[in-house]
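> So that we are looking at the same thing, I have put the structure below in structure tokens.
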Amino acid sequence: MKPDDKLCYCFHVTQRKVTNWIRLHQPRVPSEISECGGAGTGCGWCVPFLRKLFDAAQVQQAQPLATAAIELDAEQYAAQRASWVKLGKPVREDAGSAEVSTDK
């Protein structure tokens, strides 16, 4: 994903906004990221991705957070979220995988 792609579709929060918020506010736990425009408090799709950004910031990886944590492009991310919402799936623990299971 690119920095200006939406990460939280419910509240229109971009990845850049989240990464900058993490850098500035240095949250102690991933759930504090919800203070960044409500990210993660809607449908729940972005929660695993928010955790990945949080984890990347915690280990202070040498590569930028925007490329370190999310390996999907914007179209893949949007398509997987749409499938996930349509199926009424709970929050996924395997964020970043290339496919969403359609088994119920």
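The values are calculated or read from the model by the stated rules, or taken from the named source; none is laboratory data. Because the structure is predicted, anything quoted here is derived from the model rather than measured. Quick reminder, even Gly has a Cβ in these numbers, built from the backbone with ideal geometry, and neighbours come from all protein chains shown.
> Suppose we keep only residues that are under 13 Å from C46 (Cα atoms) and modelled with pLDDT of 80 or more within the stretch 80-104. Which one would you say is surrounded by the fewest Cβ atoms within 10 Å (Cβ to Cβ)?
Once the filter is applied, the top-ranked residue is A82.
> Which condition number in (1) at pLDDT 85 or above; (2) within 21 Å of D4 (Cβ to Cβ); (3) in a loop (DSSP other than H, G, I, E, B); (4) of a type outside the set (A, V, I, L, M) is the one that F54 fails?
Exception for F54: condition (3).
> Please name all residue pairs, on different chains or six or more residues apart, with Cβ atoms under 6 Å, provided the first residue is in the stretch 67-96 and is within 18 Å of A56 (Cβ to Cβ) and the second residue is at pLDDT below 80 and of a type outside the set (D, E, K, R).
A68/Q61; E71/G96
> A follow-up question, please. Right, T19: among the polar types (S, T, N, Q) and more than 18 Å from Y77 (Cβ to Cβ) or not? Quick ask: steps written out before the conclusion?
Values: among the polar types (S, T, N, Q): yes; more than 18 Å from Y77 (Cβ to Cβ): no.
Here the answer is no, as T19 does not meet what is asked.
> Something else: Which residues, taken from the stretch 57-79, are modelled with pLDDT of 60 or more and part of a loop (DSSP other than H, G, I, E, B)?
In the first step, residues of the stretch 57-79 are kept if they are modelled with pLDDT of 60 or more; the result is 57-60, 70-79.
V59, Q60, I70, E71, L72, D73 - these are the residues of the stretch 57-79 that are modelled with pLDDT of 60 or more and part of a loop (DSSP other than H, G, I, E, B).
> Go through the stretch 1-31 and give me each residue that's part of a loop (DSSP other than H, G, I, E, B) and more than 14 Å from Q58 (Cα to Cα).
As a first pass, look at the stretch 1-31 and keep what is part of a loop (DSSP other than H, G, I, E, B): 1-5, 9-12, 26-29.
Across the stretch 1-31, the qualifying residues are M1, K2, P3, D4, D5, Y9, C10, F11, H12.
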